[in-house]
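No lab work stands behind these numbers, since they all come straight from the coordinates. Not measured: the values here are computed from a predicted model.
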Amino acid sequence: FFMTSKLEKKEKSLKNNTEVLLRFLNQDERKLVNALVENNGKVLQAEITRLPEMSKVKSHRIVQRLIDRGVIEKESLGKTNIVRFTKEIKEGLI
């Protein structure tokens, strides 16, 4: 019983943290953050371009904006990049 209540509190806290972060983002940035949340905080940049209404240029600009804000970081992997949350954001969300 005690473990269940702790897990419920943690899930509620994570949901609140995610909602707070999403309030500061525009619609396209939210799509990217939601994709990261669904994939445990890590996704290929090529997969971001496959999101609805997202082109290569648009995804690149959104990734760069979020990097400048300190929300995500990217790491080169061959001809694509891995986009992931920064440590601070990941600890707060996931």
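In order along the range 70-82, the Karplus-derived 3J(HN,Hα) couplings, from 6.51 cos²θ - 1.76 cosθ + 1.60 at θ = phi - 60°, round to x, 8, 10, 9, 10, 10, 5, 9, x, 8, 10, 10, 9 Hz, and Gly and Pro are given as x.
Couplings for the range 26-39, taken from phi via the Karplus curve 6.51 cos²θ - 1.76 cosθ + 1.60 with θ = phi - 60°, read 7, 4, 5, 5, 5, 4, 5, 5, 5, 4, 5, 4, 5, 10 Hz in order; Gly and Pro are left as x. Close amide H partners of ASN81, meaning residues 5 or more places away or on another chain with modelled amide H under 5 Å apart, are GLN45, ALA46.
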